[in-house]
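Encoded as structure tokens, the structure appears first; notes follow it.
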Amino acid sequence: AIFEHNHSFLSMGSNRGTAPKLMNIQMELRKCCNHPFLLDGIEQRETEKQQNLMLENGEMMKKNPEEQHTFIQEQCYIKTSGKMVLLDKLLPKLRQEGHKVLIFSQMVRMLDFISEFMDFRGYRHERLDGRVRGNERQKAIDRFETEEDSFAFLLSTRAGGVGINL
């Protein structure tokens, strides 16, 4: 849809005046590849679609409203993103084998989604991005290194890409 919407622009070539629009298209495509919920309006639409599908299939009958909401959110966060599906398959195996994992992302909002996913699945994790300051950064690193149940470390490439040894 992003490509089709901008097809005429892409067909005419790029010059200095059109370069910013091309950058916007690239960013939208990057968001889509990371998780469709990074695009405006997609989360609500997909959540409603998933809820209707589950109601039709009778999957929600035995759940109270709070459980229904959590279940729908969990399913939508995972099923709408290939990266999340892969994490959902890969992380249990790594945890079972006793590994710890580092997950890097250039987008802090993507780290938000991954953090929610980790909470859904009960994975204890630490996080380091531009919002984490000074001594809290070191505390997170220390917890990850020393606490056995600290399974994953979520890092933004900007904040976690320089000067950290894990």
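The values are calculated or read from the model by the stated rules, or taken from the named source; none is laboratory data. Keep in mind that what you see is a predicted model, and the values were worked out from it rather than measured. Please note: Cβ atoms are built from the backbone with ideal geometry, for glycine as well, and neighbour counts cover all protein chains shown.
So G98 passes all but one of these: (1) assigned to a helix (DSSP H, G or I); (2) on the phi > 0 side of the Ramachandran plot. Which condition number does it fail?
(1)
I need the full set of residues from segment 136-162 which are without any contact (Cβ under 8 Å) to a residue 40 or more places away in the chain, part of a loop (DSSP other than H, G, I, E, B) and buried (at least 19 other Cβ atoms within 10 Å of the Cβ), in order please. It would help to see each step written out before you state the result.
Step one: of segment 136-162, the residues without any contact (Cβ under 8 Å) to a residue 40 or more places away in the chain are 136-143, 145-149, 159, 162.
In the following step, the residues that additionally are part of a loop (DSSP other than H, G, I, E, B) were identified as 147-149, 162.
Of everything in segment 136-162, nothing turns out to be without any contact (Cβ under 8 Å) to a residue 40 or more places away in the chain, part of a loop (DSSP other than H, G, I, E, B) and buried (at least 19 other Cβ atoms within 10 Å of the Cβ).
Quick one: how many residues across segment 117-135 are modelled with pLDDT of 90 or more and assigned to a helix (DSSP H, G or I)? Outline the logic, then answer.
Quick first cut of segment 117-135, residues modelled with pLDDT of 90 or more only: 117-119, 121-129.
Narrowing further to those that are assigned to a helix (DSSP H, G or I): 117-119, 121.
The total comes to 4.
Considering (1) within 15 Å of L155 (Cα to Cα); (2) in contact with a helix residue (DSSP H, G or I) (Cβ under 8 Å, 6 or more places away or on another chain); (3) surrounded by 13 or more Cβ atoms within 10 Å (Cβ to Cβ); (4) not acidic (D, E), say which one M118 fails and leave the rest.
Evaluating M118 over (1) within 15 Å of L155 (Cα to Cα); (2) in contact with a helix residue (DSSP H, G or I) (Cβ under 8 Å, 6 or more places away or on another chain); (3) surrounded by 13 or more Cβ atoms within 10 Å (Cβ to Cβ); (4) not acidic (D, E) leaves (2) as the failure.
Identify, please: which residue in segment 73-96 is over 13 Å from the mean Cα position of the chain (by Cα) and of a type in the set (K, R) and is, among those, nearest to F151 (Cα to Cα)?
Here the residue is R95.
Looking at segment 84-95, is at least one residue under 24 Å from Q51 (Cβ atoms), in contact with a strand residue (DSSP E or B) (Cβ under 7 Å, 6 or more places away or on another chain) and outside the structural domain of Q50 (by TED's automatic domain parsing)?
no
With L91, L111 as the choices, which residue is of a type outside the set (F, W, Y) and more than 15 Å from L155 (Cα to Cα)? Show your work before the answer.
Numbers: L111 fails: more than 15 Å from L155 (Cα to Cα).
When all the criteria are applied, what remains is L91.
All but one of (1) more than 21 Å from the chain's Cα centre (by Cα); (2) modelled with pLDDT under 80 hold for T70; state the number of the condition that does not hold.
All conditions are met except number (1).
Which one is farthest from the chain's Cα centre (by Cα) among residues in segment 97-108 that are surrounded by 15 or more Cβ atoms within 10 Å (Cβ to Cβ) and over 17 Å from R158 (Cβ atoms)?
Only one residue fits best here, namely K100.
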